[in-house]
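Student: My structure is below; once you've seen it, I'll send some questions.
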Amino acid sequence: MKKKREVLAFKRSINISVSKEQYGEIYQGYCNSTCYSLSEYIKKVFFNTPITTYYRNQSADELIVEMTRLKRELWEIRQVFDRQLQAFCTVSSIEEMELWARVQEKSKRILFDKIEEVRLLMVKKYDLCTRT
């Protein structure tokens, strides 16, 4: 259950001037925190109270990018395979069947190469995660 935020009637305010760079730093800290407002973040910084911040795992982000790329490539291979399978259904001669088999062999090699690439990427990321 979430705690309700305490609503207080503040009687004083403080205005400060900062440069664009300083404001950028303050705002970046606020964006990475769990504070509800910039004002709340500044108060916590000013009074040295603990600030909870979000943490992004860069290696996990890189893994997601790589896996997304591989997923797209595997999907494209699947599309090619589906088209080739449809073409096989229309084969009427032995020569066409032999041609289809050669094309299938090439597609199979491409698919296995991508599967191996996925396996190597997963092993690499596992090694990074288990390294102490």
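Student: Where nothing but the Cβ of Lys and Arg (+1) and of Asp and Glu (-1) is charged, how large is the charge dipole of region 58-130 around its Cα centre, in debye to the nearest 20?
Tutor: 120
Student: Still on this structure, I have one more. For the pair Glu96 and Ser59, how long in nm is the line joining their label points, each one 7 Å along Cα→Cβ?
Tutor: Label at Glu96, label at Ser59, 5.3 nm between them.
Student: Straight-line reach from Lys11: which lysines fall under 20 Å, measuring Cα to Cα and dropping same-chain residues less than 8 apart?
Tutor: Partners within reach: Lys43, Lys44.
Student: Let me ask something else. Once fully extended, how much extra length lies between Leu70 and Gln86, figured as 0.36 nm per residue of separation less the alpha-carbon to alpha-carbon distance?
Tutor: Here the answer is 3.3 nm.
Student: Please list the helices of the chain that count as membrane-span-like by this rule: a mean Kyte-Doolittle hydropathy of at least -0.5 together with Cα atoms stretching 27 Å or more along the helix axis, each helix being a complete DSSP H run.
Tutor: 58-89, 94-130
Student: Pop out the Kirkwood hydrodynamic radius of region 19-132 from its pairwise C-alpha distances, inverse of mean 1/r, in Å to one decimal.
Tutor: Computed over region 19-132, the radius equals 19.2 Å.
Student: Positive end of the dipole of region 58-130, charges at C-beta (+1 Lys, Arg; -1 Asp, Glu), about the Cα centre: which of Cys89, Gln104, Leu121 has its Cα farthest in that direction?
Tutor: Leu121
Student: How would you classify region 1-55 from its alpha-carbon gyration tensor, with a ≥ b ≥ c the square roots of the eigenvalues: rounded for a/c under 1.5, else prolate if a/b is greater than b/c, otherwise oblate?
Tutor: It is oblate, given that a/c is not under 1.5 and a/b is not larger than b/c.
Student: Right, something else. Pulled fully out, how much extra length does the chain show between Thr49 and Ala9, if you take 0.36 nm times their separation in residues and subtract their Cα-Cα distance?
Tutor: Answer, rounded to one decimal: 12.4 nm.
Student: Quickly rank 91-104, 31-44 as a protection proxy: mean count of other C-beta atoms within 10 Å, highest first.
Tutor: Result, highest mean Cβ count within 10 Å first: 31-44, 91-104.
Every read-out reported here was derived from the displayed coordinates using simple, explicitly stated rules and does not represent laboratory data. Predicted model, so just to flag it, every value in this text is computed and none were measured. Heads up, the Cβs are rebuilt from the backbone with ideal geometry, glycines too, and the neighbour counts pull from every protein chain shown.
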